[in-house]
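The values are calculated or read from the model by the stated rules, or taken from the named source; none is laboratory data. Note that the structure is a prediction, hence the values are computed from the model and not measured. Here the Cβ positions follow ideal geometry from the backbone for every residue, glycine too, while neighbour counts run over all protein chains shown. Ligands, DNA and RNA are stripped out before the accessible areas are found, and what is left, the full protein with its side chains, is counted by its heavy atoms. Shrake-Rupley method; radii C 1.70, N 1.55, O 1.52, S 1.80 Å.
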Amino acid sequence: MRRRHRGGPSRARAFVKSRAQGHHCVAPPRPEVLPASICVRDRTDRPRWLTAHPEPRSLSGSLFRGGVRLLREQGHEVRTSDLYAMNFNPVVTADDFAHPADERLIVGRAGQEAVRRCTLAPDITAEHDKLTWADTLIVQFPLWWTAKTGGSTSMPAYHRVPCCRGTGVRSARR
């Protein structure tokens, strides 16, 4: 007895037959390549594209421009942030939270308090507004396997935007 490929024609026929009979427990066939039409939606999404690369003429820059152009051609309203082009400062300081300089800075607590009092730095508030507006977040940055992490690249240091209720930003560490 010959076994068929898992996503082959027999699986597709079984799916169609079971749907016609009213069954909903059979998984749909898995196509090898998704058709281009599957990317086009009936509704307009609000994607937010966050990128960071020091060279706009790089592959990352080209992918960023092409992706944004494609989304806009499909009718999506796209908002972008290029952290290098914005000269986004990845270093957390007391000034980000209007925190008194003579007191010890506990970043999490100071961030929550600044959000509650609406005293965050203007660049952070602008990023919060973009995150709140969006229903989809695309984060794009290069992986330099030999580079140091943290403050040496802007994207990993995007943690300067403190997590708070409603923005969707969460720390990977618990």
| task | Please work out if ASP82 is acidic (Asp, Glu), touching a residue at least 40 places away in the same chain (Cβ under 8 Å) and within 26 Å of PRO142 (Cβ to Cβ). | result | no
| query | Taking ALA101 and the conditions (1) modelled with pLDDT under 90; (2) aliphatic (A, V, I, L, M); (3) buried (at least 16 other Cβ atoms within 10 Å of the Cβ), which numbered condition does it fall short on, given that it satisfies the others? | reply | (3)
| note | Over the range 49-71, the set of residues touching a residue at least 24 places away in the same chain (Cβ under 8 Å) and open to solvent by less than 90 Å² (accessible area, probe 1.4 Å) is TRP49, LEU50, THR51, ALA52, HIS53, PRO54, PRO56, SER58, SER60, PHE64, GLY67, LEU71
| note | Among GLN74, GLN112, the single one that is polar (S, T, N, Q), open to solvent by 90 Å² or more (accessible area, probe 1.4 Å), farther than 16 Å from LEU50 by Cβ and at pLDDT 90 or above is GLN112
| said: For the range 25-37, check the following and say yes or no: at least one residue is hydrophobic (A, V, I, L, M, F, W, C), open to solvent by less than 60 Å² (accessible area, probe 1.4 Å) and either modelled with pLDDT under 55 or over 21 Å from the mean Cα position of the chain (by Cα) (or both). | reply: yes
| said: Checking the conditions here, which among VAL107, VAL92 is among the aliphatic types (A, V, I, L, M) and open to solvent by 50 Å² or more (accessible area, probe 1.4 Å)? | reply: VAL107
| Given the conditions (1) farther than 30 Å from LEU63 by Cα; (2) at pLDDT below 90; (3) of a type outside the set (A, V, I, L, M, F, W, C), which single one is not true for THR153? | (1)
